[in-house]
Amino acid sequence: MDRIDPRKILVIDDEPSLREGARRILSKMDFEVFLAPKGEDGLAIIEIEPISIVLLDMKMPGMDGMEVLKRIMALDRGILVIVITGYATVETAIEAMQRGAYNFIPKPYQPDQLRIAVSRAREKLELAIETKRLQEERKRTLEDLHTEQSRTLTIIESLPNGVIVTNPEGKIVLINPACYRYLDIDLQKVPGAIKIEEIFNNSELCSLILDISKGKYIDYADIPAHEIETKNKKFFMVRCRPVLGERKECLGAVVNVVDISTIRALDQVKSEFVAKVTHELRSPLSTIHEQLNMVIAGNMGENKNGKGSSDEDQYILSRAKEKTKALIATIGDLLDLSRIESGMSSKESKSVKVDELLKNIGDFLNARATAKKQTLNVITPENPLPPITADQMALESVFGNLISNAINYTQEGGQIDVSCDLTGNNIRVRVKDNGFGIDAKYMDKIFDRFYRVKNDKTRFINGTGLGLPIVKGIVDSMNGYINVESEVNRGTVFTVLLPLKKVPIGIM
């Protein structure tokens, strides 16, 4: 195919008038026409010219058409042969086609017959050439990136974050300078000479990168982020995504490595401060709350004797009690967050069956849903899911919060569907409602502490604004992933991915 030119055509015919007639017709079709009176001459022309189409007379002196056809096919250059003969029989046509002829037209032929046959052959050639070009483009893999002097490569090399690119076999084909620096990779090692396992001492992360490279994770929502710690106590967030071609085929994986050491240090200082302040506030607030209980109870007793405080006083005391209760709940949530961030969120890790856990939570919260005339469905797969190693109370907090939020932020008569399944090496849980939804402008804030979406539909819903931060903290501590999709007045879907195996933070 590389040695043919769709514009060049050869006519092999022992009749001069037919050769000239074909030349006149084909020249007007923008072909460069070569003429040969016998088979040997035609084969000699094919040897030196990139002929693409041959018009071949089957009955010639010397070497006949069948022998010429056989030799052209043996060249294996993709040449299309159109057989032309006055001895047209079904047997001759079948034999010519069996030997590789593209088409067959009988003598005498009309000019239009020749034009149509040759036009079809040219279209077939052009399509074959374009198909081969596309195949060659696909063969040009990402392995060329580390040697390609292009603007794209220049941009990648200047990025402050680490970037690693793999091919479909999981072989590293590119590492930018920031990644060499972050992960302390030997500068003498070039892409192709380093394995993923040499860079990340985390089997779960390495398996994930290999799976993405091989096209097992096309859906971005199924890909969890990983946090790693190096030997020199630096922390990095690692996110992986597939590299997709024009036809959505997977060409490999791109791994983004972000230095979060400063953020982790600031979070640690902040967590320690919050933990200390909340711990100091909890005791006096609990005392005030109990004293308010006693005052309210005492006033109610006096009211029976006609002496107690007014209804207004009772209202004020009740409100004070509610506020102190809310503050105590907030302090409890803050202490939970502090424990999560300090790595002490898991009290006791054991084997947990997530599908059974969801059923139990659904049964417990079903009364709340029924009170709002809502339908709460917990859908589990027919085949039980494999258990995961985790703190059961932490998981109950995660899914209890998500389902409670779905109930709170769904109108009366609404529906909440909780489902779970297995995807890759993760268990996926989805909590879907058809409630109020979240405006797109608030989506990047919902996991912030104390943040609550307030509008006419939600302003009467009580809460601390710490439920989702706690959920995300627990999921992150398990090397899991949480995602949210929402549309105003149509509902919200929270998706949680939990790894089947308990994976500690990688130490490199």
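The values are calculated or read from the model by the stated rules, or taken from the named source; none is laboratory data. Quick caveat: nothing in here was measured; it's all calculated off a predicted structure. Positions of Cβ are generated from backbone atoms using ideal geometry, with glycine treated the same way; all protein chains shown enter the neighbour counts.
For (1) under 19 Å from PRO6 (Cα atoms); (2) assigned by TED's automatic domain parsing to the domain that holds GLU40; (3) of a type in the set (A, V, I, L, M), each residue gets a yes or a no:
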site: ILE94; (1), (2), (3): no, yes, yes
site: GLN98; (1), (2), (3): no, yes, no
site: LYS107; (1), (2), (3): no, yes, no
site: ARG115; (1), (2), (3): yes, yes, no
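If I go through the range 411-433 residue by residue, how many of them are of a type in the set (S, T, N, Q) and buried (at least 20 other Cβ atoms within 10 Å of the Cβ)?
Residues in the range 411-433 being of a type in the set (S, T, N, Q) and buried (at least 20 other Cβ atoms within 10 Å of the Cβ): 1 in total.
Could you tell me whether VAL378 is part of a strand (DSSP E or B) and crowded, with 19+ Cβ neighbours inside 10 Å?
Working: part of a strand (DSSP E or B): yes; crowded, with 19+ Cβ neighbours inside 10 Å: yes.
Yes: the conditions hold for VAL378.
Residues of the range 12-31 being under 22 Å from ILE129 (Cα atoms) and surrounded by 14 or more Cβ atoms within 10 Å (Cβ to Cβ), which ones?
LEU26, MET29, PHE31
Checking SER207 against (1) touching a residue at least 60 places away in the same chain (Cβ under 8 Å); (2) in contact with a Cys (Cβ under 8 Å, 6 or more places away or on another chain); (3) small (Gly, Ala, Ser), which single condition isn't satisfied?
(2)
Any residue in the range 37-56 that is free of Cβ contacts under 8 Å to residues at least 12 places away in the same chain, β-branched (Val, Ile, Thr) and more than 20 Å from ILE129 (Cβ to Cβ)?
yes
Quick test of your reading of the structure: GLU249 fulfils all but one of (1) out of contact with any strand residue (DSSP E or B) (no Cβ under 7 Å at 6 or more places or on another chain); (2) surrounded by 15 or more Cβ atoms within 10 Å (Cβ to Cβ). Name the failing condition by number.
GLU249 satisfies all of (1) out of contact with any strand residue (DSSP E or B) (no Cβ under 7 Å at 6 or more places or on another chain); (2) surrounded by 15 or more Cβ atoms within 10 Å (Cβ to Cβ) except (2).
Of the residues ALA253, ALA193, which single one is outside the structural domain of ARG428 (by TED's automatic domain parsing), without any contact (Cβ under 8 Å) to a residue 12 or more places away in the chain and small (Gly, Ala, Ser)? Give the steps one after another, and end with the answer.
On the way: ALA253 fails: without any contact (Cβ under 8 Å) to a residue 12 or more places away in the chain.
One residue alone meets the criteria, ALA193.
Can you find, within the range 188-215, the residue that is nearest to the chain's Cα centre (by Cα) among those that are surrounded by 20 or more Cβ atoms within 10 Å (Cβ to Cβ) and β-branched (Val, Ile, Thr)?
Applying the filter and picking the extreme gives ILE212.
Being at pLDDT 90 or above, in contact with a Pro (Cβ under 9 Å, 6 or more places away or on another chain), aliphatic (A, V, I, L, M) and closer than 16 Å to VAL83 by Cα is true for just one of ILE25, ILE53. Which residue is that?
ILE53
Scanning the range 102-149 for residues that are in a helix (DSSP H, G or I), surrounded by 13 or more Cβ atoms within 10 Å (Cβ to Cβ) and of a type in the set (Val, Ile, Thr), which turns out modelled with the lowest pLDDT?
ILE129
Among the numbered criteria (1) at pLDDT below 90; (2) exposed (fewer than 15 other Cβ atoms within 10 Å of the Cβ); (3) more than 20 Å from ASN479 (Cα to Cα), which single criterion is violated by LYS347?
Every listed condition holds for LYS347 apart from (3).
Of LEU266, LEU251, LEU210, which residue is under 24 Å from THR423 (Cα atoms) and in a helix (DSSP H, G or I)?
The match here is LEU210.
Among ASN408, ASN462, which is at pLDDT below 85, surrounded by fewer than 19 Cβ atoms within 10 Å (Cβ to Cβ), within 22 Å of ARG368 (Cβ to Cβ) and of a type in the set (S, T, N, Q)?
ASN462
Taking GLY437 and the conditions (1) within 18 Å of GLU356 (Cβ to Cβ); (2) in contact with an Asp or Glu (Cβ under 6 Å, 6 or more places away or on another chain); (3) not charged (D, E, K, R), which numbered condition does it fall short on, given that it satisfies the others?
In the conditions (1) within 18 Å of GLU356 (Cβ to Cβ); (2) in contact with an Asp or Glu (Cβ under 6 Å, 6 or more places away or on another chain); (3) not charged (D, E, K, R), GLY437 misses (1) alone.
Only one of (1) among the aliphatic types (A, V, I, L, M); (2) in contact with a helix residue (DSSP H, G or I) (Cβ under 7 Å, 6 or more places away or on another chain); (3) within 27 Å of SER477 (Cα to Cα) fails for ALA369. Which number is that?
Condition (3) is where ALA369 drops out.
Mind listing whichever residues of the range 60-77 are out of contact with any Leu (no Cβ under 7 Å at 6 or more places or on another chain) and either assigned to a helix (DSSP H, G or I) or in contact (Cβ under 8 Å) with a residue 40 or more places away in the chain (or both)?
Within the range 60-77, MET60, PRO61, MET66, GLU67, LYS70, ILE72, MET73, ALA74, LEU75, ARG77 meet the criteria.
Given the criteria surrounded by fewer than 19 Cβ atoms within 10 Å (Cβ to Cβ), hydrophobic (A, V, I, L, M, F, W, C), assigned by TED's automatic domain parsing to the domain that holds GLU227 and not in a loop (DSSP other than H, G, I, E, B), does ILE185 qualify?
no
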